[in-house]
Amino acid sequence: MDVVPAQARAYVAGAALAALLCLCPLPPAHPHGWAVLLLAGLYAGGERIARSRSVGTCYPILLTGAFLLPPPAAAFVALPGALLAPAGSPAERDSRLRRIWRAAQLVLAVCAAARTHDAFGGQDAVLGPRFPYALLPAGAAVLAFCLVLTLLDGGILALAERVPARRAWRGHFLRSLAPITVHGLAALMMAVLWHSPYGPVAALLVLPPMWVSWWAFAQYDRERAAHQATIRALVQAVDIKDGYTRGHSERVGRASMMIARELGMDDERVETLRFAGILHDVGKLGVPTRLLRKEGPLTPEERRVIELHPEYGHEMVRGIRFLGEARAAVLHHHERLDGSGYPYGLAGGQIPESARVVAVADAFDAMTSTRSYRRARPVPAALEELQRCAGSQFDPRMVGALVRALGDHGWQPAVTSDAAPPTAPVAPSPRTTGPEDAAARDRVGRGTR
């Protein structure tokens, strides 16, 4: 929103006007005035803490207001916190407009939630309390809150960020529904305790455990971001050192993830296999640059040096605990089912499953990527070659999974060198028949094709 189009400014102005209408009449001094001030103060303070420490949002307080107060009073709870909260990074120039937009968005969403809650008889259900009936109006209010936020977010994306309309709203509602539902359950608990003999003090005791859980999730997200940054740095170092295969690691990670999903692995293992594919060639950092960039054929001694890269890579990532079985894939992705691979000549089931996945993904991308010294093979030809070598070099189960995944999702080949591809295909050397190997065989093949 640094440079906001006129349509987006008009959209924000319209939302702000609608929010003002939701606030009329303003909350009276009695009987809800003290509750409005208490919840508004809690939301404003909690939002500042949450933004400064990146620990989530304070939606439970807003939804508690929607369950306890009339719609105008509930909507007012969001106003001070939204207007006073930090707008974002110092580089953002139009923070005033951002704050007005955030305030209008939350006022409209809370007002819609409160009106929906009242329409389903939620006030009586909370005063009872009447369970499980109280869950129905609370659930309807959460849906209304989530729907209004989604609609408004999609509109501002389409107008301010020029996001195509078909993408502006796609998937946002479903992604936000689960966390907001959890916030809604906490808010319902607070509303019930508020009207209990223990009073508002007991209701507020719900918040500290939630903030602790938000902090724990924020720590997890920061740790995950640090992991991703570590991996990106390693891959970037490999790409800088070996420009001929730039982007290869990312594509092998993508293909490994496709195979893992096709095999029905859980999300955690899918992510681990993606890491394995991305890092499979990190050992190239230990190989002399002159060998990686050599234009002529490699000598047997030079080939043996390059074939040490899986062991170098394993040494580099051995201490990174979050990689799990990805470390075994880095070490063994050049083993072959018939036992003729390297570095240890493992055969069949001795080869870790993660390494068998990455081996197929690695060979597939090497064959379908255009390099400066030879053209890419068409995807069908590469798959045919993988199937031909299934059972001797590759695990047939992994090959079959890749074939099915590509049939469903397709594949976009890429040029992985800054140089232009050759103008005419060159006949392969007898030394390099079969699927190319992005770490060693392509280096031999470059000088003989």
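The values are calculated or read from the model by the stated rules, or taken from the named source; none is laboratory data. Since we're looking at a predicted model, the values are computed, not measured. Methodologically, a virtual Cβ is constructed for each residue, glycine included, from the backbone with ideal geometry; neighbour enumeration extends over all protein chains shown. Please note that ligands, DNA and RNA were not included when accessible areas were found on the heavy atoms of the full protein model with its side chains. Shrake-Rupley method; radii C 1.70, N 1.55, O 1.52, S 1.80 Å.
Observations, loosely collected:
- Accessible area per residue in Å² at 1.4 Å probe, computed on the stretch 168-240: 59
- Note on residue 233/residue 289: beta-carbon distance plugged into 1/(1 + (r/R0)^6) with R0 of 25 Å gives a FRET efficiency of 0.85.
- Segments 338-346, 74-82 sorted - mean Cβ within 10 Å per residue, highest first: 74-82, 338-346
- Listed values for the stretch 316-325 are Karplus-derived 3J(HN,Hα) couplings in whole Hz (6.51 cos²θ - 1.76 cosθ + 1.60, θ = phi - 60°), namely 5, 9, 4, x, 8, 5, 5, 6, x, 6, and x replaces Gly and Pro.
- DSSP-assigned coil residues among trypsin sites (Lys or Arg not before Pro) in the stretch 156-190, each with at most 14 further Cβ atoms within 10 Å: 162, 170
- Sequence ranges 306-312, 250-256, 260-266, ranked by mean other-Cβ count within 10 angstrom, highest first: 250-256, 306-312, 260-266
- Here residue 318 and residue 83 are evaluated by their C-beta separation; at R0 = 35 Å the FRET efficiency comes out at 0.10.
- Dipole size of the stretch 310-356 about its Cα centre, with +1 on Lys/Arg Cβ and -1 on Asp/Glu Cβ: approximately 140 debye, rounded to the nearest 20.
- Extension gain, residue 224 back to residue 311 (0.36 nm per residue minus Cα-Cα distance, nm): 28.7 nm
- For the stretch 82-196, the fraction of 1.4 Å probe accessible surface lying on carbon and sulfur atoms is 65 percent.
- If R0 is taken as 22 Å, the Cβ-Cβ distance between residue 169 and residue 21 corresponds to a FRET efficiency of 0.35.
- Residue-wise HN-Hα couplings along the stretch 152-157, as the Karplus relation 6.51 cos²θ - 1.76 cosθ + 1.60 with θ = phi - 60° gives them from phi, are 5, 4, x, x, 6, 5 Hz; Gly and Pro carry x.
- Sorting the segments 360-367, 403-410, 291-298 by their residues' average number of neighbouring beta-carbon atoms within 10 angstrom, most packed first, yields 360-367, 291-298, 403-410.
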